[in-house]
1. Being crowded, with 18+ Cβ neighbours inside 10 Å, in the same structural domain as Cys59 (by TED's automatic domain parsing) and out of contact with any helix residue (DSSP H, G or I) (no Cβ under 8 Å at 6 or more places or on another chain), is that true of even one residue in region 124-134?
2. Of the residues Ala51, Ala56, only one is surrounded by 14 or more Cβ atoms within 10 Å (Cβ to Cβ), in contact with a Cys (Cβ under 9 Å, 6 or more places away or on another chain) and assigned by TED's automatic domain parsing to the domain that holds Gly92; which?
3. Yes or no: Leu15 exposed (fewer than 13 other Cβ atoms within 10 Å of the Cβ) and modelled with pLDDT under 90?
4. Can you report the number of residues in region 34-48 which are in a helix (DSSP H, G or I), modelled with pLDDT of 85 or more and either loosely packed, with under 15 Cβ neighbours inside 10 Å or in contact with a Leu (Cβ under 9 Å, 6 or more places away or on another chain) (or both)?
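The values are calculated or read from the model by the stated rules, or taken from the named source; none is laboratory data. Every value quoted in this text rests on a predicted model; they were computed, and no experiment measured them. Using ideal geometry, Cβ is built from the backbone for each residue, glycine included, and neighbour counts are taken over all protein chains shown.
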Amino acid sequence: ALLYTLYAPQIFGLLWIALIVPAAFGVGMLLARLLPGLRRALARPGRMQAAVAQGARACFVELSVSATRERSGILVYVSLAERGCVVVPDAGVRARVPEKDWAEAAARIEATVTTHGLGEAGLAALCTAVAALGDVLEEPMPRAEDDIDELEDVA
């Protein structure tokens, strides 16, 4: 709006420029707030992925996922606004599960959200991918006989 008011063929007074530019900014902010798809379309993919990763790390700490006996907590974080997913393992998981196996399983879960979306079919695919994570964890992290569910399942 500022460029238009400065370089348009008609002449705008300073008062009009002072009114048009903030009004255009306000309309843009309102549209971005009301239309999340517009915000996603205008944001760089790297920035959205960074926002999802930052939110995942914050939730990991806030929910005390690392407060298990063997540091075996895993957070599957799905962001509705960015339509992204990040899988955050605790230190015990990273130490015991081979990096290649973990990377493949986490990538499969994270890709499910971008591939299938967050509709009914997407959620079913996400549940299947999360359940398959059990196969990756079964050998390096066998279930102890005195195992209890130390973390709350939060949706």
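1. Within region 124-134, not a single residue is crowded, with 18+ Cβ neighbours inside 10 Å, in the same structural domain as Cys59 (by TED's automatic domain parsing) and out of contact with any helix residue (DSSP H, G or I) (no Cβ under 8 Å at 6 or more places or on another chain).
2. Numbers: Ala51 fails: in contact with a Cys (Cβ under 9 Å, 6 or more places away or on another chain).
The match here is Ala56.
3. Working: exposed (fewer than 13 other Cβ atoms within 10 Å of the Cβ): yes; modelled with pLDDT under 90: yes.
Spelling it out, Leu15 is indeed exposed (fewer than 13 other Cβ atoms within 10 Å of the Cβ) and modelled with pLDDT under 90.
4. At the first step, the residues of region 34-48 found to be in a helix (DSSP H, G or I) are 34, 36-42, 45-48.
Then drop every residue that is not modelled with pLDDT of 85 or more, which leaves 34, 46-48.
Now narrow it down to the ones that are either loosely packed, with under 15 Cβ neighbours inside 10 Å or in contact with a Leu (Cβ under 9 Å, 6 or more places away or on another chain) (or both): 34, 46-47.
Selection size over region 34-48: 3.
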